[in-house]
Every structure is written in structure tokens, then in C-alpha cells.
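I have placed the structure first, in the form of C-alpha cells, so that the comments after it can refer back to it.
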Amino acid sequence: MGYDAEGHAAATKPVGFTGAQALVSDDAECIDRVLRGDIERFSELIARHQRHVLKIVQGHVPADRVPEVAHDVFVRAYTGLSQYAGTVPFEHWLSRLSVRACYDFWRAHRRGEVPVSGLTDDQVGWLDRALADASSQEFRDRADRQDSLEVLEWALGQLSPEHRLVLTLVSLEGRSVREAADLLGWTAVNVKVRCFRARQALRTIFLREWERHRHDHPS
Amino acid sequence: MTIHRNPAVERIERILAQVHRSTRGEASVGEQWPQDVMRTIRRQAADHPAPSPLVWAEPLVWRVAAGAALVALVFAGSVTVYSRHHAAPVAAAWLEEFDGGSPLPGQ
């Protein structure tokens, strides 16, 4: 894909809506004009929906890859615009494309790359304390936020892209099964089953890693 | 593989969910980013010509085609049934149409 990483790195000032990008027409009109060949009107759709897309993508991929994946989402939106039937709001259609792009990102990322590294001592210490502490509030107050994030990233990295995605949507972001099913294009039953399996896999990963570390470091 | 409910692991899940939500700040990209996207889209548009302005008509054509095929089928069926029941008048009508003229002189 033609993402210009250098261009992005050069410009760090965040932007959202600006006055110059006066959004006078609604999505349907923009889409109609783009389909009639006026591709510059697509920039209005980008300006209007970029925050929404970035927010979704940010929840699934590492921060430094968010612009690249969001870029991919809008390019997919353009190339698939003639298939947008207008039966759901454009923003909702973009949400599905965003989740799909994140899924593809992890599929490509994991291809030929099986994460084998375990947790560091600090991260196992975090896990140890989390498993041992009677009060989660007490633990949360003392837990190192960075360790927590690293453990989370490590654990998600052990899961398959499907499990990672469904677990993030349902368990981490707190979306309903129905909402997740709609975003993923799966049935609700499929989401429930995969979410259950993903949680089982996550628990196995935590316990296995914790026990492995205990075995290697009995003290 | 069945893992029994483990309160400690469930607690970890809750904590990690909270950490995940709390780290989701406002996403931002550079000023250049929308222009980068548009540049890619222009390239795409150049590689693949823009869809026809009559793109909306495509699904319409197929829907109409299905309806037209049905109407044609019903018409053909009704003509067949009618001509079986009224073979003589139909044959006469055809003869009158094509053979009704006077013969050429000298024949």
C-alpha cells in the first residue's frame, strides 16, 4: 500500500476538523460525487470520519502502526465505495472496514512469525502479584502501568488474529456480542464461541507462563 | 482443553481490560496524513478508471432483467396455451397475414 511513512513522520501536529474543510454536504452526496469521478470529494469523507477510524484502529494495533492501518482503511473504502449499498450509515460501514483491516494487519504480522519469547522477570513479578493479591483494587493501585501494558501486549501476541480481535472487542473494549458480530461479519453464536475459546487460551497462556517461570526460578 | 474458573486469572483479565481502556486516548495523525491518503487514492484512480456515472444503474439492470425474463416467460407460455386451444383461428390469422395477397399475374 502506498503509505508514506516519511511524510507522516515529518508531520506530527495533530489535526481534526478544520474550518477549511467545511463539511457542507452529507456522506451520501459526497459518495455520489466520488462515484461520478470527482475523487477530490473523498477528502471530505476522510476529514469527517478519520477520528472515528483512528479510534477503532488504535484499540487493535500498536500506536506506531495506527496511521498506516487507518490509511489502508480509507483506501479500501475508496476502492470498495461502489459496493457501499447505503443500507447502514457510512460510519458504520467504515467501522467494519477498520476492524477487517486490523484483522488483516495481525494476519500479515503473524505470518511466519511465531512469538516465542516469554515474559521478563518484571512482568512475571506483575503476574505473580496479580495472581496472589487478594484485592484487585489494592493490586491495581500498586501495579506498574507499564508492566500491565506489556503483559497485555505479550498475552495478546500469543493469540491467533481471530482470538485477539474478538477478545479485544468483547472483553477489553466491552462491546456487546451483537455489536462485535456486526463489526466482524460473524454470527453472534460464532462470536460467543470464539470469545470463549480466546479467554480459555488466554488463561492457559497466563498459567503456563507463570508455572514455567516458577519452575525455572523456584525461589 | 478446559480451564476451570480461576478468580485470580479473572482478576487479571479485569485489570488488563481497565488498562486497555485507560490507555485509549485521542488518536491523532499528522497534518500530512489525509494528503497521503488522497495521494494513494489518486494513484488508485489513475490505475483503475473511475466507475461509470451510471454505476447506480447496474443493479437496476439486473433487477429489471429478471422481471423482464419472467414477463417474457409468462407471455410465451400463454401464447403456447392459447394456440393449442385455438389452433385453427391462429393458423388462419397467420395465413391471412403472410399468404393473403393475390397471386402474381401469370402464375
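Every number in this text was worked out from the coordinates using simple rules, so none of it is lab data. Computed from a predicted model, the values in this text were never measured in an experiment. All Cβ positions, glycine included, derive from the backbone under ideal geometry; neighbour counts span all protein chains shown.
Summary of computed values
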quantity: Cα→Cβ-extended label distance, 7 Å offset, between A:ASP216 and B:VAL90, nm; calculated: 8.8
quantity: Rough spin-label spacing in nm, given labels placed 7 Å along Cα→Cβ, for A:GLU153 and A:THR87; calculated: 4.0
quantity: Peptide-level mean, for A:40-46, of C-beta atoms on other protein chains within 10 Å; calculated: 3
